[in-house]
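Read the structure below first, then the notes.
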Amino acid sequence: MTATSGKIILHLDFNTYFASVEQQANPFLRGKPIGIAGKGRENLQGGFGRVTVNGLNPERFKRSVITTASRQAKRSGVKTAMATWEALKICPDLIIIPGDPRKYAQITKRFLQILRSNCDEVEQFSTDEAFANITTASGGDYLGATLLAERIRNQVRDDCGEVATVSIGVGPNKLVAKLASESVKPNGLTVITPEAVEEFVLGRSLADVCGIGPRLESRLGAMGVTSIATLKKVALPILLREFKQYGLFLYQASRGIGPDYLEDDQADPLSIGQSYTFPYNLSNELEVKTNLLALADRVAWRLRKQGLAAKKISVFVRWDSFSGWSGSRAIKDPIYDGRELTDVGWSMILPRLRSGTINTKPGAMSFELAVRQLGISVSDLIQLDTAEPLLKKDQKKKNTLLALDKVSAKFGTGSWQRLSTLCTVFKERVSGWHYDHED
Amino acid sequence: MQHQYLDEPVDVTVLFSGRRVRPIKVIWGRTVFVVDKLNLVHSAREGLDKVFFFSVSSRDSFMQLRLNCKNLEWRLIESFVP
């Protein structure tokens, strides 16, 4: 974690990603205010029948939110996560486009492929953002880095279209590279050498720093810290006292110091998890358990896909009051089956669910403990044992899972499910997990 | 402006160039749509079948076409007339 380790980091960020991809596909949307609805096309009434979207919006889109607004819509005040009805109120000309995750997933694969073929290491940061270590690929200097960044930008334009533009930032660490890419939009290329870091960072606002959100900004404001320059003047002990360990991050961020290591997703992951916020709160034990099983099956599939098994399981529950609880447990024998993950996770969750139960009927819970969000993750990962299990029932289970994995590899997550999880339906989300099959 | 999501069979004339397919004319009922530009191609799996989506436009409208690689059926799935 230093600004002078010699590494060169590139950050690539698509500009108004989903909206740009739609404008790339349909030239009549270019230059117009458009908003991509969070609800995908599967939510259109009657599926893929003849449906008119704009002019007469299907009822369901009135309850949707805007996931991405085009630059033209942003100028009218439309923001990400704004309710569709609210966006239409402030921008009556807004064209609502139902999200198309398949399209976006493919563009994401294309730009990651470009980065992987040009860079030393790649870390996908989100659907439309990635970091890359280009220290070796650039020849170790900032002229080579600039030329490489320009080549990457041209390749993205060739493969993803001229409208789906990217902004690229280059710097000595991830913090500076991200600040750089966001400093010039759209279609920017900003290179910050180690010598220029201090001056560049001082010119940014607090909100520009990834990790300083509105709440933290307001807490800093209450301390009289309203800019990077004033943050830099605050002594480390004061920041540590006020923000605990996060104070160190603030201290370093104000000096342009940030991490320069990448978590390359081609390398073995440290943990794998899946969580889901339900469309309604779950207030029945059986519902919670079957949804946990459905999530665990997804985690287990991702584990096996990477040839791994887990020795530690963590679960997370957010109640309808927005408070949350999490727990974890280490296990002796590594697990790679969703059913077994569920058994361990459920043994941790169940006492919590029952601890506040008012109604003692089996399967009933109090409203205070209705579940809004559920998550399960695994860590302490080891290589999956390829040896044939000794017991016949274990052999049968392993063979069944391997057969199911072939189905998942071909058709994606959710292509099969257990009978007991048939009532769980994870809705398509624009940036969702439905399109992870092999092409 | 008329923006519709559909699922209707269409006849498509294509150009083959190496491993690439480029739609040049779409016949939808009595309407003949001459493709001026191929804007984006993406693919996906639908059940057992691999499908390709072609986002194409003419001077006055946009269409998204779906080609099923298994039965070579073309369908019009989106139409946009500004």
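The values are calculated or read from the model by the stated rules, or taken from the named source; none is laboratory data. None of these values were measured; they are calculated from a predicted model. So basically every Cβ, Gly included, is an ideal-geometry build from the backbone, and we count neighbours across all protein chains shown. Remember, those area values only see protein heavy atoms, side chains included, never the ligands or the DNA or RNA. Shrake-Rupley method; radii C 1.70, N 1.55, O 1.52, S 1.80 Å.
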Within 25 Å of A:I97 (Cβ to Cβ), without any contact (Cβ under 8 Å) to a residue 12 or more places away in the chain and touching a helix residue (DSSP H, G or I) at 6+ places or on another chain (Cβ under 6 Å) - does that describe any residue in the stretch B:31-40? no
Across the stretch A:301-320, what is the number of residues that are in a strand (DSSP E or B), open to solvent by 50 Å² or more (accessible area, probe 1.4 Å) and not hydrophobic (A, V, I, L, M, F, W, C)? 3
Residues of the stretch A:405-424 that turn out to be crowded, with 17+ Cβ neighbours inside 10 Å and within 14 Å of A:Y336 (Cβ to Cβ), as a count: 1
Can you tell me which residues in the stretch B:2-18 are within 14 Å of chain A (Cβ to nearest Cβ) and surrounded by fewer than 12 Cβ atoms within 10 Å (Cβ to Cβ)? B:P9
Matching entry among A:R102, A:R116, A:R153, A:R75 (being within 14 Å of chain B (Cβ to nearest Cβ) and open to solvent by 10 Å² or more (accessible area, probe 1.4 Å)): A:R102
When (1) part of a loop (DSSP other than H, G, I, E, B); (2) closer than 19 Å to A:N26 by Cβ are applied to A:K103, the one that fails is (1)
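Would you please name the residue that is most open to solvent (accessible area, probe 1.4 Å), looking only at residues in the stretch A:214-230 that are in a helix (DSSP H, G or I) and in contact with a Leu (Cβ under 6 Å, 6 or more places away or on another chain)? Let's see the steps before the verdict.
In the first step, residues of the stretch A:214-230 are kept if they are in a helix (DSSP H, G or I); the result is A:214-222, A:228-230.
Applying the additional criterion that residues be in contact with a Leu (Cβ under 6 Å, 6 or more places away or on another chain) yields A:217, A:228-229.
On the way: A:E217: 73, A:I228: 2, A:A229: 42 Å².
Out of the qualifying residues, it is A:E217.
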Looking only at the stretch A:280-298, count how many residues are within 19 Å of the chain's Cα centre (by Cα) and at pLDDT below 90. 1
Could you check, for the stretch A:160-172, whether at least one of its residues is touching a His at 6+ places or on another chain (Cβ under 7 Å), at pLDDT 90 or above and either assigned to a helix (DSSP H, G or I) or open to solvent by 10 Å² or more (accessible area, probe 1.4 Å) (or both)? no
I'd like the residue in the stretch A:321-351 that is at pLDDT 85 or above and part of a loop (DSSP other than H, G, I, E, B) and, out of all such residues, is most open to solvent (accessible area, probe 1.4 Å). A:Y336
Consider the stretch B:1-19. How many of its residues are free of Cβ contacts under 8 Å to residues at least 24 places away in the same chain and more than 14 Å from the chain's Cα centre (by Cα)? 4
Here are the criteria: (1) in contact with a helix residue (DSSP H, G or I) (Cβ under 9 Å, 6 or more places away or on another chain); (2) more than 10 Å from chain A (Cβ to nearest Cβ); (3) hydrophobic (A, V, I, L, M, F, W, C). Tell me which single one B:A44 does not satisfy. (2)
Check whether at least one residue in the stretch A:249-271 is surrounded by fewer than 18 Cβ atoms within 10 Å (Cβ to Cβ), hydroxyl-bearing (S, T, Y) and more than 30 Å from A:E340 (Cα to Cα), and report yes or no. yes
